[in-house]
Every structure is written in structure tokens, then in C-alpha cells.
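Have a look at the structure below, then the notes.
The values are calculated or read from the model by the stated rules, or taken from the named source; none is laboratory data. Bear in mind the structure is a predicted one, so any value in this text is a computation, not a measurement. Ideal geometry is used to build each Cβ from the backbone, glycine not excepted, and the neighbour counts take in all protein chains shown.
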Ligand SMILES: C[S@@+](CC[C@H](N)C(=O)[O-])C[C@H]1O[C@@H](n2cnc3c(N)ncnc32)[C@H](O)[C@@H]1O
């Protein structure tokens with residue numbers, strides 16, 4: 001039987017050179033993945049011999065993005081939801097082939113709302129207008145979180161009043177909110193968030209193969225659910241299916257040593273920690289975002305996990321010392337007390353692009369922690385961090401294609417004390 005390679009998605013804006021978000025779109029996905037694997041392998045060759053790499057986790061070629069960050073421009077009568085060109089003018093992107101169908105279906109409804117409510121799109125060159133971005137996240141059940149990034153509170157009342165109509169047009173709308181970003185051309189989101197709906201977070205019901213069956217392609221009847229609560233302004237892996245493969249792989253690798261105590265640093269809404277939770281096992285997740293921690297705690301409760309065993313604490317993971325006593329130098333996360341008094345048997349780290357950094361790496365190195373799973377979204381900082389973990393050796397590694405059509409590579413590495 002011949003196996004056909006997944007078809008490359010067609011995108012007129014890519015072909016015209018208007019949108020450059022997917023530089024490798026024209027290359028078949030298996031070829032892209034081979035190039036990515038070879039690039040990552042050579043970048044990490046000093047610490048990870050070629051034979052230790054497992055089969056990469058491939059993505060679907062299209063319809064994999066669970067979130068859309070649409071810049072709003074144009075006019076109230078004819079808004080564009082998409083990207084900005086070099087001059088700061090809007091380019092409409094109603095049919096990006098990467099978005100999951102629920103997002104694609106929502107975008108025209110949201111564009112109509114801009115017109116119906118008379119919302120003035122923000123004009124970057126002229127520094128005028130109010131609506132800067134529309135941010136949409138879709139859950140695996142197609143429920144939606146929609147957030148409007150406004151320059152000020154001026155249009156807030158209109159959006160609030162329009163909510164019942166919007167919920168009728170978009171029955172899957174679970175969470176709607178407004179984010180205020182008053183600064184010109186700064187980071188997309190500002191610090192102030194106003195949730196308009198009763199629900200203030202999206203339930204992301206992921207699906208993992210049942211323990212012991214190993215990672216699988218596609219969903220199966222005996223999969224187990226991993227329910228995660230995503231509040232506004234919190235991180236979530238962009239490609240739901242690849243995130244499931246990542247958590248399933250971490251769980252499968254972690255389970256092999258049956259750790260009694262697991263730490264998940266930079267835990268976000270708790271994906272690794274909750275995937276690794278098991279009867280009698282103690283788990284601690286640490287994350288700087290308090291709303292993400294609230295979500296992780298509630299997801300643990302939803303899973304019926306005992307709060308005394310599975311704990312989440314807000315704090316700076318870089319200050320944690322896996323070797324310190326409970327009330328020692330880890331004061332920044334005082335509440336880690338009962339769990340933090342001993343080094344974990346398994347330490348999971350999944351830092352932002354900057355990596356864990358020399359200080360935390362050096363503490364892990366000195367701590368006596370026997371086993372580390374490092375999930376990295378930046379192989380360069382991973383390579384730098386590995387140089388500070390010199391008494392640990394990599395035993396296996398796997399590439400996850402979280403962002404097909406780009407150079408972005410997500411890598412999971414298992415280290416054990418040499
Ligand atoms: C790549 S995300 C990983 C999140 C989570 N592990 C997951 O799978 O969704 C990195 C996370 O680190 C958090 N973070 C950034 N700096 C931090 C710090 N100094 N201490 C703790 N968490 C931090 C971010 O808020 C973000 O949630």
C-alpha cells in the first residue's frame with residue numbers, strides 16, 4: 001500500500017508573498033520535518049548523540065492552530081482581521097489554513113461585530129482608533145474564548161451590551177473579555193483584563209492514550225482525558241494535538257522510573273504535572289502566573305486528585321532550589337514547604353524561550369536530582385543550559401513539530417545523573 005505524504009495547504013497570501021508567517025509552506029511536511037530534525041540534531045550534537053533521538057512527533061499540515069492573534073485595521077465599515085504590512089496597514093486573513101475550523105468560522109462573525117458596533121480599528125501609522133487585536137482560542141470541543149484588545153475603556157460598554165447577541169451568533173462562545181493595551185505598538189496584551197462572560201476560562205479537554213499504551217496517532221476509545229483550565233492571559237501550547245503528544249511522551253518516559261515526587265517548573269496551567277499525577281504520587285507545579293495556578297488547582301480538583309498530594313504554587317521557578325530545606329533559600333515560594341523539603345525524583349522544566357538559565361541549571365546540577373525532563377521551545381537555549389548540567393547525561397530526545405511550516409522546534413530531552 002502506498003502512503004501519500006500530507007498535502008501542503010494552499011494559501012494565496014503565502015503565494016503572493018503578503019504573509020510570511022509560514023516560510024516553508026511550499027515544502028511537503030515530511031521534508032520539512034527531516035530538515036528540522038537534522039538542524040536540531042546538529043545543534044545539540046555535543047550533548048545528544050544522533051542515536052538517542054526518537055521518531056519526531058509530526059503535526060497535521062493544516063487546521064492545527066488553536067489560537068489566532070488577529071491585528072485589526074481598516075475601517076469600521078470594512079475592518080481587516082489579520083496581519084499588518086510593513087507600513088502598518090491591515091491585511092485581511094479570514095481563511096488562514098492553520099486555524100482550526102472553529103476559529104475560521106468565528107472570524108467573519110467578529111468582523112461583522114466590529115462594523116455593527118461601530119468599533120474604530122486602531123490605525124498604527126496614525127496612532128488613532130480603539131480596537132487593536134482580536135484574540136481567539138478554540139478548545140478541542142470547539143468552545144471559544146474571544147478577547148478584544150482595546151486602547152482604552154471607551155468601547156467597553158458597547159461590547160458588554162452586545163454580548164447576548166454575540167452569544168447567539170457564536171453559540172460556542174464560552175469566554176469573552178476585553179484587554180486594555182493603551183501603549184502604542186507594545187506587546188499585544190496590556191495588564192488590565194475585563195471578563196464579560198460568567199465563565200472566565202476555557203476548559204481544554206485534552207486526550208492522552210491510557211497509561212502504558214504509549215503515544216498513539218489520533219484519538220482512541222480508551223484514551224484518558226486531561227482537562228486543563230485556560231484563563232485569559234495564560235500560556236497554552238498552540239497546537240493541541242502536538243501538545244497531547246508532548247504530554248503523553250513526558251508521562252510515558254516519566255512513568256518508567258515510577259517517581260514518588262515530581263516537580264513541574266514553569267508549569268503554566270499544569271499540563272505536565274497533571275499528566276504525571278498518579279495514585280499516591282506527590283506532584284508540585286510552580287508557575288509565575290497566579291491565574292494559571294488557579295486553573296491548574298481547579299483542574300486537579302476536577303480530576304479528583306488530592307490537594308495534599310498534587311499542589312500548585314505561584315512563584316518564580318528560577319529561585320527554586322531542589323536541594324534546599326522547606327524554609328530555606330526558596331522563600332519566594334514559601335508555600336512549597338511540605339513538598340519542597342526534599343529533592344524530587346523527577347524534575348520537569350518547560351521554560352520560556354530564554355531557557356532555565358545558568359543559575360537554576362547550576363542549582364539543579366548541585367541538587368542531586370536524578371532525573372530531569374527538559375521540554376524546550378528553543379534548542380539554542382537548551383544547548384546552553386545543558387552545558388551547565390554537566391553531571392547529567394541525555395538518555396533520549398524527541399522533536400515535536402508544534403509549529404509546522406516554520407523553523408520553530410520543540411524538543412523534549414530526558415537527562416539522568418551520570
Ligand atoms: C513555555 S510555557 C510552559 C507552560 C506549561 N508547561 C505548558 O505546557 O503549557 C512557560 C511558562 O513559564 C512561565 N514562567 C515564565 N517565567 C517564569 C518564572 N520565572 N517562574 C515561573 N514560571 C515562569 C510562563 O508564565 C509560562 O506559563
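For every residue, the table says whether it meets (1) modelled with pLDDT of 95 or more; (2) within 14 Å of the ligand (Cβ to nearest atom).
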residue	(1), (2)
334	no, no
338	no, no
351	yes, yes
371	yes, no
388	yes, no
395	yes, no
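Look at residue 258 and say whether it is under 19 Å from the mean Cα position of the chain (by Cα), away from the ligand (no atom under 15 Å from the Cβ) and at pLDDT 95 or above.
no
Criterion first (more than 12 Å from the ligand (Cβ to nearest atom), more than 20 Å from residue 349 (Cβ to Cβ), at pLDDT 95 or above and touching a helix residue (DSSP H, G or I) at 6+ places or on another chain (Cβ under 7 Å)) does residue 231 satisfy it?
Spelling it out, it is not the case that residue 231 is more than 12 Å from the ligand (Cβ to nearest atom), more than 20 Å from residue 349 (Cβ to Cβ), at pLDDT 95 or above and touching a helix residue (DSSP H, G or I) at 6+ places or on another chain (Cβ under 7 Å).
Consider only pairs whose beta carbons are under 6 Å apart and that are at least six residues apart or on different chains; among these, list those whose first residue lies in the range 234-246 and is farther than 12 Å from residue 400 by Cα and free of Cβ contacts under 8 Å to residues at least 60 places away in the same chain and whose second residue is in a helix (DSSP H, G or I) and more than 10 Å from the ligand (Cβ to nearest atom).
none
Just to be sure I understand, how many residues within the range 70-90 are in contact (Cβ under 8 Å) with a residue 60 or more places away in the chain and surrounded by fewer than 17 Cβ atoms within 10 Å (Cβ to Cβ)?
Residues that pass the stated criteria total 1.
Within the range 319-332, does at least one residue satisfy the condition of being touching a helix residue (DSSP H, G or I) at 6+ places or on another chain (Cβ under 9 Å) and modelled with pLDDT of 90 or more?
Taking every residue of the range 319-332 in turn, none turns out to be touching a helix residue (DSSP H, G or I) at 6+ places or on another chain (Cβ under 9 Å) and modelled with pLDDT of 90 or more.
Looking only at the range 220-246, count how many residues are under 23 Å from residue 197 (Cβ atoms), outside any loop (DSSP other than H, G, I, E, B) and within 13 Å of the chain's Cα centre (by Cα).
Residues in the range 220-246 being under 23 Å from residue 197 (Cβ atoms), outside any loop (DSSP other than H, G, I, E, B) and within 13 Å of the chain's Cα centre (by Cα): 5 in total.
Being out of contact with any strand residue (DSSP E or B) (no Cβ under 7 Å at 6 or more places or on another chain), surrounded by fewer than 16 Cβ atoms within 10 Å (Cβ to Cβ) and part of a loop (DSSP other than H, G, I, E, B) is the filter here; which residues of the range 45-59 pass it?
Across the range 45-59, the qualifying residues are 45, 46, 49, 55.
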